[in-house]
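Below is one structure, written out as structure tokens; comments come after it.
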Amino acid sequence: MHHVESRATLGGKLSAVLVAAGSSVGLGNIWRFPYVAGDNGGGAFLLIYILCVLLLGLPVMVAEFTVGRASKRNAVGAYRALNPRWSALGYNSVIAAFLILGFYFVVSGWTAEYMVHSVTGSLAKLSSPEEYGSVFQNFISNPWRPVLYTALFVLLTHFVIALGVQKGIERSSKLLMPLLFVILIALAIHAMTMPGSGEGLKFFFKPDFSKVTASTFLVALGQAFFSLSIGLGTMVTYASYFKPDTNLRHTALNVTILDTMVAILAGVVIFPAVFSAGIEPSSGPSLVFITLPGIFNTMPLSMVWSAVFFLLLVIAALTSTISLHEVITAYLHEEWHMSRRAAAWATTVATMALGAVASLSLGVLGGWKICGLNIFDSLDYVTANILLPVGGFFTSIFVGWRLDKRILKEQITNNGTLKFRIYKLYIFLLRYVCPIILLLIFLDNLGVF
Ligand code: PHE
């Protein structure tokens, strides 16, 4: 194995948790989670989601950390270095990262636009759910504004990476992410005082199993992987920069807990407000954008709340886009031997083009459909519900069955310096539980049962 020279490593224990949490916590928690939960019946979905996070997400995250730190490479190079036959898993990662960026940048652009509208006061002028809905619809289908915001967001990500200000972002996340948390709690408390909010809490927490179908499991699984940033080598890439003494299990556990708490909090903010305003919980990707203004506008100092909230959301999205961008940049840099600068530009230009098409597919290019879905929805569907679970399936098989057990043990116990009492349970989960459940969920969706 030849080693790539002069790779960066991350600071202390906190940094590993921070950057991994920075990748995980993002629009997936605050935008995507409420909309898929609303689409899939609420309470029962939440329960299945949490099971997916614990039984499948957590073991796969530890497996990805292991692959990354053992090989110290980009996603493709990592699998190739450990076992050349498995490099396809790395390609799945790079492709998934590219396709996710295609729609993620668009939604990030919307949050930036909403931040601007909060500051100028134009959001505060609106007063009914119909108005929030039509303003949102007009905005996303506009032929140039959302494309411009998407492009701006791509460039923002690019320059944060290129100027090496990631460290600054990393450090400021220490302050900003707890702040996001505090604001979410404040919003949740306010949302619960809105008239009719009890219905929303019931919808979100009381499982109604009559609403569960085969696809509920797949969507919950896909959401879990998407939200935890696993199944596509982001955590492989990040762990390749971890220090030898980073505790992989604790890092994974902390990230998982944080990520899940943010998602649940987002649900506690959104659903009471959705029911209070009489919005359909199954409104799809627009749900959060048409619900939030209604919450802010019933609060004192509404402009301040909404501007700060959308600013934090922009930053949460940025720490996620950085991690996705890094998967592709590290791959091009290390495997194609491009300079980091050229690799970063290639990634930026390609994702900008895809982002523009995805954005336009909500308006002028709405006629372009793949299996009945427009480009934006197809990118969202294919990555979360197919590529990430497939990535997770093969990662658990690879680490559970193929990877030299000494490497796994070395990584998880930091060369024997940490105890790992549940090692046997962990291997059992990776070898049997994860692949079998993942397979069953897939077969179920294909209508085999
Ligand atoms: N987990 C991020 C979020 O919840 C999105 C993401 C997915 C980031 C996959 C990296 C990899 O917003």
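The values are calculated or read from the model by the stated rules, or taken from the named source; none is laboratory data. Remember, predicted model here, so these are calculated numbers, not experimental data. Reconstructed Cβ throughout: ideal geometry from the backbone, glycine too, with neighbour counts over all protein chains shown. These area figures cover heavy atoms from the full protein model, side chains too; ligands, DNA and RNA do not enter into them. Shrake-Rupley method; radii C 1.70, N 1.55, O 1.52, S 1.80 Å.
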Kindly sort Lys424, Lys419 by accessible area of their heavy atoms, largest first, with the probe set to 1.4 Å. Lys424, Lys419
Nearest-ten-degree value, helix 248-277 long axis tilted from longest Cα axis of the chain: 10
Relative to the chain, whose Cα atoms define the longest principal axis, helix 43-52 and its Cα axis are tilted in degrees, nearest 10, by 20
Given 0.36 nm per residue, what is the gain on full extension from Ala342 to Thr213 after removing their alpha carbon distance, in nm? 41.8 nm
For the full complex of protein chains and a 1.4 angstrom probe, list Thr246, Thr9 by accessible area with the highest value first. Thr9, Thr246
Given Cβ point charges of +1 (Lys, Arg) and -1 (Asp, Glu) and nothing else, what value in debye, to the nearest 20, does the dipole of the chain about its Cα centre take? 1520
Please work out the ratio of the alpha-carbon Rg of the stretch 13-142 to 2.2 N^0.38 Å and round it to two decimals. 1.39
Sequence-separation-based contact order of the stretch 4-445, relative, with Cα cut under 8 Å and 6+ spacing, percent: 35
Any aspartates and glutamates with Cα under 19 Å of the Lys167 Cα? List them, leaving off those in the same chain fewer than 8 positions away. Glu326
Straight distance only, please: which aspartates and glutamates reach the Cα of Lys369 with their own Cα at less than 17 Å, same-chain residues fewer than 8 apart left out? Asp377, Asp380
Provide Arg341, Arg80 ordered by accessible surface of protein heavy atoms (probe 1.4 Å), highest first. Arg341, Arg80
Rounded accessible area of Leu265 (nearest 10 Å², 1.4 Å probe): 30
Using protein chains only and a probe of 1.4 angstrom, how many square angstrom of Trp144 are accessible, to the nearest 10? 150
Rounded to the nearest 0.05, what FRET efficiency do Thr193 and Gln137 give with R0 = 22 Å and r taken as the Cβ-Cβ distance? Could you check? 0.15
Quick one: pull the percent of accessible area on the chain belonging to carbon and sulfur, 1.4 Å probe, ligands and nucleic acids left out. 69
Which value in nm describes the separation of the simple spin-label points at Tyr381 and Phe205, placed 7 Å from the Cα toward the beta carbon? 3.4
Cβ-Cβ FRET estimate between Phe428 and Arg406, R0 fixed at 22 Å, reported to 0.05: 0.75
Might you tell me the accessible area per residue for the chain, computed with a 1.4 Å probe and given in Å²? 39
Enter the accessible area of Ser23 (Å², nearest 10), with the probe set to 1.4 Å and all protein chains included. 10
In Å, the C-alpha Rg and Dmax of the stretch 4-445 are 20.8, 62
Where does the chain land at 222 nm, in deg cm²/dmol rounded to the nearest 500, when only DSSP H runs of n ≥ 4 count, each adding -39500 (n - 2.57), divided by all residues? -23000 deg cm²/dmol
The rounded separation in angstrom of the Cα centers of the stretch 380-427 and the stretch 176-197 is 36
Here, Val304 and Thr120, labelled 7 Å along Cα→Cβ, have an inter-label distance in nm of 2.3
If one takes the longest principal axis of the Cα atoms in the chain, at what angle in degrees, from 0 to 90 and to the nearest 10, does the Cα axis of helix 58-71 lie? 50
